[in-house]
Amino acid sequence: MSLHRLLEAHRRWMAAALREAEQAFDEGEVPVGAVIVKDGRIVGRGHNRVEQLNDPTAHAEMLAITAACSTLNTKYLNGCTLYVTLEPCPMCAGAMVWARLDRVVFGAFDEKAGAASTLYNILQDPRLNHRVEVISGIEADRAAALLQQFFRQRRTE
């Protein structure tokens, strides 16, 4: 696949993750969305539901991983790519390693909790049993703008 077509595919799947993030925004959650793709189709999706579920683990990525494992009837997500609007935190990055995802594509960098390159690089730590390919910055401006809008709105409330 050419680089142009690959980038186009990443943007298309990230658009689906952004729709999930917009749904989180509409529900009053921090607007992060994720989808998991295998063989050209979405097998899992999620958006932050921490407030709704009173569950600090209800991050978009965790919910998408759970959904994909259920869809595929497996605990391992070999051959899958996770698209997420914000760089994963340490908890989510750890789950991605344990799930054996092939790749993570993320939008905006997270300077406070990023564990895919910014603060840590859990996904590619050679001390762990699996490494996940990381592609960063896909639709980063759109993802960051949504987060900024959410927090700006929160500060005025």
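The values are calculated or read from the model by the stated rules, or taken from the named source; none is laboratory data. From a predicted model like this one, the values you see are computed outputs, not experimental measurements. Cβ coordinates were reconstructed from backbone atoms using ideal geometry, including for glycine residues, and neighbour counts include every protein chain displayed. SASA here: full protein model, heavy atoms, side chains in, ligands and nucleic acids out. Shrake-Rupley method; radii C 1.70, N 1.55, O 1.52, S 1.80 Å.
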_Per residue, in Å², the accessible surface of the chain once ligands and nucleic acids are set aside, probe 1.4 Å_ = 53 Å²
*Work out the P(r) tail for segment 27-82: percent of alpha carbon pairs separated by more than 12 Å, whole number.*
61 percent
*Residues Leu6 and Ala113, FRET efficiency given R0 of 25 Å [Cβ-Cβ distance, rounded to 0.05]*: 0.35
*Counting other Cβ atoms within 10 Å, which trypsin sites (Lys or Arg not before Pro) in segment 107-153 have at most 10 and lie in a DSSP loop?*
Lys112, Arg127
*Count charges around Ala16 for me, please; just the other residues with Cβ under 13 Å from its Cβ, Lys/Arg as +1, Asp/Glu as -1.*
+3
*Can you list which of the GluC sites (Glu not before Pro) found in segment 95-145 are DSSP loop residues with at most 13 other C-beta atoms within 10 Å?*
Glu111
*Given R₀ = 30 Å, FRET efficiency for Thr74-Asn121 by Cβ-Cβ distance, to 0.05?*
0.70
*For every helix of n ≥ 4 consecutive DSSP H residues, a contribution of -39,500 (n - 2.57) applies; sum these over the chain, divide by its total residues, and give [θ] at 222 nm rounded to the nearest 500 deg cm²/dmol.*
-14000 deg cm²/dmol
_Dipole in debye (nearest 20) - segment 3-155, about Cα centre, beta carbon charges: Lys, Arg +1; Asp, Glu -1_ = 260 debye
*Using a 1.4 Å probe and ignoring any ligands, DNA or RNA, find the accessible area of Ser117 and quote it in Å² to the nearest 10.*
60 Å²
_Cα lying deepest toward the dipole's positive end in the chain, options Gly46, Leu63, Ser2, charges on Cβ_ = Ser2
*For segment 44-148, give the percent of accessible area contributed by carbon and sulfur heavy atoms, probe 1.4 Å, rounded to a whole number.*
49 percent
*Calculate, axis by axis, the spread of Cα positions in the chain along the three principal axes, and write the results as whole Å, longest axis first.*
44, 36, 30
